[in-house]
Amino acid sequence: MSLQMDELKTQHYDDKTVVHFLWATLFWGVIAFVVGLLAALQLSYWGFNLNLEWLTFGRVRPLHTNAAIFAFAGNAIFAGIYHSTQRLCRVRMFSDALSKIHFWGWQLIIVSAAITLPLGFSQSKEYAELEWPIDIAITLVWVVFAINFFMTLKNRKEKHMYVALWFYIATIITVAVLHIFNSIEIPVGYLNSYPVYAGIQDALVQWWYGHNAVAFFLTTPFLGLMYYYIPKAANRPVYSYKLSIIHFWALIFIYIWAGPHHLLNTALPDWAQTLGVVFSVMLWAPSWGGMINGILTLRGAWDLLRTDPIIKFLITAVTFYGMSTFEGPLLSIKAVSSLGHYTDWIVAHVHGGTLGWNGFLVFGMIYYLVPKLYQTDLYSKKLATLHFWIGLAGILIYYLSMWAAGITQGLMWRAINEAGQLVYPDFVETVTAIVPLYWVRALGGTLYIIGTIIMLYNLRQTVKASKGLREEKVTAPLTERKKNDHEDKGHRKLEGMMVTFSILSFIAIAVGSAIEIIPILTVNDYAKYEKVIEPFSPLEIAGRDIYIREGCYTCHSQMIRKLDFDVLRFGKASTIEESMYDRPFQWGSKRTGPDLARVGKKYPHLWHYKHMENPRSTVAGSIMPNYPWLLDKKTDFYSLRRKIYVLKSLGVPYADEVVKNADKVAEEQAKIIADELRAQGVNDDKLEQKEVVALIAYLQELGQKPLIRNINLEK
């Protein structure tokens with residue numbers, strides 16, 4: 001009897017941290033959804049920008065994506081990982097102190113993003129907009145999380161690591177690699193920096209990061225949650241252990257290669273594009289293997305789909321995962337990408353995944369967890385079911401409206417008549433045609449928010465009826481991990497080897513990353529440049545930074561693809577050399593407005609001035625916001641010396657005199673442009689000091705930079 005007592009130890013799980021992350025998920029989720037609705041309304045009618053500098057679409061859109069991904073989904077991931085890991089390891093998290101640092105550190109990062117992005121501090125890189133101090137904070141907090149997680153695995157009382165833990169391991173390792181390598185930048189101010197990568201290199205590294213941020217922040221951790229919470233909620237074992245093994249290793253190995261499919265038909269070398277297409281199409285198999293494993297876990301318990309709202313959410317989430325992972329590889333095929341890329345079809349695809357797969361899985365998990373943690377029944381299953389149907393209606397309305405808008409855009413852009421001319425040469429025609437669908441999209445988003453509010457009420461009443469949070473106690477046999485070592489073979493043996501498993505996971509994602517990126521980072525070894533362009537002047541750099549600050553990249557691309565209709569509309573296809581000094585690159589991911597790669601000298605200075613003051617004065621039907629503050633705010637000439645110095649240190653061929661006198665050089669160019677504007681009727685004695693002049697200087701040079709020297713890379 002005493003021996004048995006020695007072998008037993010009472011464990012108290014740290015459920016307070018789980019609850020903190022759960023409520024943070026719901027708090028930031030509502031904010032993310034409301035900000036997303038605001039962005040949708042701004043595209044429906046430009047007046048919703050309210051002429052407020054910090055509320056324009058260009059600043060709201062990255063705020064929405066960061067809030068949805070890192071605040072809503074991020075907190076949900078941590079809640080699920082902290083809850084499930086303790087129970088799968090049958091041990092409390094390694095350190096209460098690290099858990100607290102992780103929670104509060106992550107919330108401070110979110111608050112920092114919520115402040116800096118509306119203020120215009122952005123790197124303009126998709127899902128990586130946050131500036132260098134916040135990047136450092138993310139790294140530190142992620143290390144805290146990793147230590148806490150892996151030390152908990154080390155101390156586990158279960159010998160074998162369950163499949164959910166495999167996906168958590170891959171997530172923690174890969175997100176760290178992605179974030180660190182994509183965030184290598186040199187500060188040029190307290191909240192400004194330039195990446196070390198430029199042009200094509202920056203584009204490929206960014207979309208290696210961007211695609212795999214979706215893969216390893218919005219997919220693999222959620223698959224881990226799926227493998228834990230669907231069996232728990234259904235009280236059924238996972239459908240196939242062997243399928244879970246194939247699903248895991250195939251997914252993490254293949255996914256990492258697929259980033260280049262975001263850059264199809266561009267100046268990216270064909271071999272890299274083909275690589276992205278091949279591995280993207282291959283993703284169909286492991287992705288659907290995971291979907292099948294999740295759905296068929298309900299075998300023998302299909303009645304739960306009819307009676308249990310938690311199962312409704314979880315299985316619908318997995319269904320959306322299957323739909324998204326079918327559509328993603330489809331969109332990665334060059335012919336399909338030529339129709340869908342830069343259109344709202346991509347917006348539909350992304351939101352089908354985030355609202356359906358991520359959102360519904362989070363809702364199902366929370367509906368399961370809150371009654372368990374507070375040891376009570378859910379206040380109302382009817383309200384949860386109502387939430388499900390309202391939320392599902394919102395997703396479908398959102399998806400179908402944006403899918404229709406995207407197909408309409410793509411077909412209008414590529415429509416060419418028998419004479420070889422564009423049927424819709426005026427880009428704004430393709431915008432106004434889909435504005436009604438933007439209103440429909442806003443309706444779908446509103447329904448999704450209403451469903452979330454119903455959930456909040458339901459959970460509040462559930463907690464109110466409980467006796468409060470009570471940490472669960474579990475007895476775990478201390479000797480279990482040491483038993484039957486000789487019986488384990490193959491993958492079963494690997495599941496007991498945390499370090500080896502982690503190393504193999506790293507190798508799986510490192511192979512594709514290296515093969516994909518290293519050749520591009522040494523682009524001079526294979527790219528025969530026909531020319532090396534002149535870099536932007538100091539004033540044009542100031543204007544470019546303003547362009548980035550205002551989020552113009554969210555609506556305008558600077559990459560004319562190798563497609564007939566793109567060339568007819570915007571000019572000759574963009575080349576590698578034309579963006580070789582761009583830090584960060586500006587190839588874009590969405591065209592709500594026209595491509596700007598060759599907009600330079602297309603319009604007089606006065607046109608651009610009026611376009612910033614009121615876009616509808618130059619383009620009837622434009623949905624672009626007004627930018628009146630650009631006509632009042634002064635350009636920061638003083639910071640240009642530091643910026644030009646950093647760019648020169650990164651290889652941009654500026655003369656020493658330009659570096660030393662960057663501010664004076666900029667002021668002289670600004671005076672020339674200001675004098676021309678005054679001659680055209682602009683009445684402002686201090687016009688040369690205004691930001692609009694710097695922005696005009698930048699826009700007028702896009703696609704206009706001349707050859708400065710020939711080089712022969714074969715020597």
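Brief remarks on what is shown
- Estimated FRET transfer efficiency (Lys464, Asn235; beta-carbon r; R0 25 Å; 0.05): 0.35
- Between helix 220-234 and the chain: long-axis angle, C-alpha atoms, 0 to 90°, nearest 10: 30
- Alpha-carbon gyration tensor eigenvalues x 5, square-rooted, for the stretch 531-590, Å: 21, 16, 9
- The lysines within cross-link reach of Lys686, meaning a Cα-to-Cα straight distance under 19 Å and a gap of 8 or more places when in the same chain, are Lys610, Lys633, Lys634, Lys664, Lys671.
- Most positive-pole-ward Cα, Trp142, Ile515, Gly289, against dipole of the chain from beta carbon charges: Gly289
- Local electrostatic count at Leu630 - Lys and Arg +1, Asp and Glu -1, tallied over other residues with Cβ under 11 Å: -1
- Charges were assigned to the Cβ only: +1 to each Lys and Arg, -1 to each Asp and Glu. The resulting dipole of the stretch 532-709 about its Cα centre is roughly 440 debye.
- Charges were assigned to the Cβ only: +1 to each Lys and Arg, -1 to each Asp and Glu. The resulting dipole of the chain about its Cα centre is roughly 2120 debye.
- This ranking places Ile184, Ile696, Ile77 by how few other beta-carbon atoms lie within 10 Å of each, fewest first, which gives Ile184, Ile77, Ile696.
- Rounded to the nearest 0.05, the FRET efficiency derived from the C-beta distance between Lys493 and Val278 at R0 = 22 Å is 0.10.
- Averaged over residues, the count of other Cβ atoms within 10 Å places the peptides 453-459, 126-132, 493-499 in the sequence 126-132, 453-459, 493-499, highest first.
- Eligible lysines near Lys493 by straight Cα distance, threshold 24 Å, same-chain separation 8 or greater: Lys154, Lys157, Lys159, Lys242, Lys482, Lys483
- Axis of helix 132-154 versus longest Cα principal axis of the chain: the two differ by about 20°, to the nearest ten degrees.
- Note on Lys467: lysines with a C-alpha under 29 Å away, same-chain residues under 8 apart excluded, are Lys9, Lys16, Lys100, Lys232, Lys312, Lys372, Lys381, Lys382.
- Degrees separating the helix 360-373 axis from the principal Cα axis of the chain, which is the longest one: 40
- Most to least packed among 506-514, 256-264, 21-29 [average Cβ atoms within 10 Å]: 256-264, 21-29, 506-514
- By average C-beta atoms within 10 angstrom, highest first, the peptides 614-620, 287-293: 287-293, 614-620
- Convex hull projection area averaged over all views, the stretch 532-709, Cα basis, nm²: 10.3
Read-outs: derived from the displayed coordinates by stated rules, not from any lab. Bear in mind that the values here come from a model prediction, so they are computed numbers and not experimental data. When we count neighbours, we look across all protein chains shown, and the Cβ atoms used for this are built from the backbone with ideal geometry, even at glycine.
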